[in-house]
Amino acid sequence: AMAGAGGQVVRYDATLERQLSRRATVAADLRRGLAAGEFHLLYQPIVNLPDGRLVGVESLVRWGDISPAGFIPVAEDTGLIVELGAWILDTACAQAAEWRHRHGPDALRSVAVNVSARQLLDPALPEIVAAALARHDLPARQLTIEITETAVFGGGRALASVTALSELGVNIALDDFGTGHSSLGLLRTCPVDAIKVDKSFVDGLGGSPQQEAIAIALTGIAETMGLRTVAEGVETAEQAQRLYELGYRQAQGFHFARPLPAEAIDEMLGAQQNR
Ligand code: C2E
Ligand code: CA
Ligand code: CA
Ligand code: CA
């Protein structure tokens, strides 16, 4: 311990200091990596049940072999996510337009992009999205923006952004649905087109009625409200089968496909056309 500025005793915390300096290093590295073109997107298939037909993809950012959990939080805290996010939006729209051009206008219903809480607080976000759509001549309905409940929970600027995006014609999907504090309430205030039912509820399928209850309730609510439902994190054939029995018609997860490079999606679309 040592004396602080006001004479009070301040505990010198080496761990915190290490974390802060690591954070600063990662932030500087992120900025450099973005300028050097070190980021790329993978695309995870979203499929129709029960036939497994490809109906959409979710874009997932990669920085070399570092997973998003290792850099998205730092990018959010430092505000760099705004710049990185604009690059992600532009890249995903360019890719969606290319697939449209190659495989026909409705080969994929939509391409989903994750947008973080920090991006929703940026008043320029709707313009950034509109510009990316226009640049690549992509119809707004073929872009889905995935947001988390916590990001829009407070209303205000974030909710205004989501409303503006929805008015552009972009689809809004609530990600990790059911894990927040206000999941159901949000469906009344936020313009939502789809919910992505969190993996934790998919994991409970095939278990007791209690474990399955939320997965069952959520499709009922979604159906009544006219929302598209996607089950996330489907890892087994049994889960896929059970989801279908419960009325789920769209799913995503390692059972169907891992996040893949754009070329692999290209091949799937090509094969699907000739079926
Ligand atoms: P998320 O949006 O919930 O994305 C789904 C995550 O679950 C992805 O991890 C995906 O690879 C993983 N996943 C998919 N199917 C399965 C499965 O069957 N089993 C298991 N165990 N996992 C599965 P990833 O790519 O590591 O991304 C993690 C999180 O990082 C994402 O969670 C999202 O919150 C964030 N993220 C990823 N890409 C972006 C991005 O471009 N922008 C922003 N703002 N956040 C992103
Ligand atoms: Ca997501
Ligand atoms: Ca999710
Ligand atoms: Ca998640």
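Evaluate the relative contact order of the stretch 1-157 (contact order divided by residue number), counting alpha-carbon pairs under 8 angstrom at least 6 apart; express in whole percent. Numbers along the way, then the final one.
Values: 179 pairs, mean separation 29.8, N = 157.
Over the stretch 1-157, the number comes to 19 percent.
At a threshold of 8 angstrom on Cα-Cα distance, excluding pairs fewer than six apart, so keeping six or more, what relative contact order does the stretch 82-199 reach in percent? Don't skip to the end; give the middle numbers.
Numbers: 174 pairs, mean separation 28.1, N = 118.
Normalised by residue count, the contact order of the stretch 82-199 is 24 percent.
Among Ala194, Ala124, Ala140, the largest mean-square fluctuation in a Gaussian network model of the chain (Cα springs under 10 Å) belongs to Ala124.
So, counting K/R as plus one and D/E as minus one, what does the shell of residues with Cβ under 10 Å around Val74 add up to?
Numbers: positive: Arg22, Arg23; negative: Asp29, Glu76, Asp77.
With Lys, Arg at +1 and Asp, Glu at -1, the net is -1.
Where both bridge residues fall in the chain, DSSP classifies roughly 45% of the beta bridges as antiparallel. 3J(HN,Hα) along the stretch 136-149, derived from phi through the Karplus expression 6.51 cos²θ - 1.76 cosθ + 1.60 where θ = phi - 60°, amounts to 10, 6, 9, x, 4, 5, 8, 10, 10, 9, 9, 10, 9, 4 Hz, with x in place of Gly and Pro.
Find out how many positive minus negative residues lie around Glu235, taking Lys and Arg as positive, Asp and Glu as negative, among other residues whose Cβ is under 9 Å from that of Glu235.
Values: positive: Lys199; negative: Asp203.
Local charge sum for Glu235: 0.
When only alpha carbons are used to place a centre, the stretch 220-275 and the stretch 141-186 end up 21 Å from one another. Couplings for the stretch 156-161, taken from phi via the Karplus curve 6.51 cos²θ - 1.76 cosθ + 1.60 with θ = phi - 60°, read x, 3, 4, 5, 4, 4 Hz in order; Gly and Pro are left as x.
Longest stretch of the chain clear of exposed loop sites (GluC sites (Glu not before Pro), DSSP loop, at most 14 other Cβ atoms within 10 Å, sites excluded): 39-234.
Tell me, what is the percent relative contact order of the chain, built from C-alpha pairs under 8 Å that lie six or more residues apart?
Details: 436 pairs, mean separation 51.1, N = 275.
So the answer I get is 19 percent.
Considering only Arg188, Arg62, Arg118, the mean-square fluctuation computed in a Gaussian network model of the chain, springs between alpha carbons under 10 angstrom, is largest for Arg188. In the elastic network of the chain, a GNM with C-alpha springs shorter than 10 Å, the most mobile of Thr224, Thr163, Thr91 is Thr224.
Using R0 = 22 Å, the C-beta based FRET efficiency linking Glu167 and Ser200 works out to 0.10. Shown in residue order for the stretch 35-48 are the 3J(HN,Hα) couplings computed by the Karplus curve 6.51 cos²θ - 1.76 cosθ + 1.60 at θ = phi - 60°: 5, 8, x, 8, 9, 8, 10, 10, 10, 9, x, 10, 10, 7 Hz (x for Gly and Pro).
Hey, for a label at Asp137 modelled as a point 7 Å past Cα toward Cβ, could you say which residues of the stretch 100-122 have their backbone N under 13 Å away? Within reach of a label on Asp137, which here means backbone N under 13 Å from a point 7 Å along Cα→Cβ, the stretch 100-122 contributes 100-102, 105.
Once backbone amide H atoms are built at 1.01 Å from N, Leu108 has no partners under 5 Å, excluding neighbours fewer than 5 places away on the same chain.
Where a number appears in this text, it was derived from the coordinates with a stated rule and is not lab data. The shown structure was predicted, so the numbers you read here are calculated from the model rather than taken from an experiment. Cβ atoms come from the backbone with ideal geometry, glycine included; neighbour counts cover every protein chain shown.
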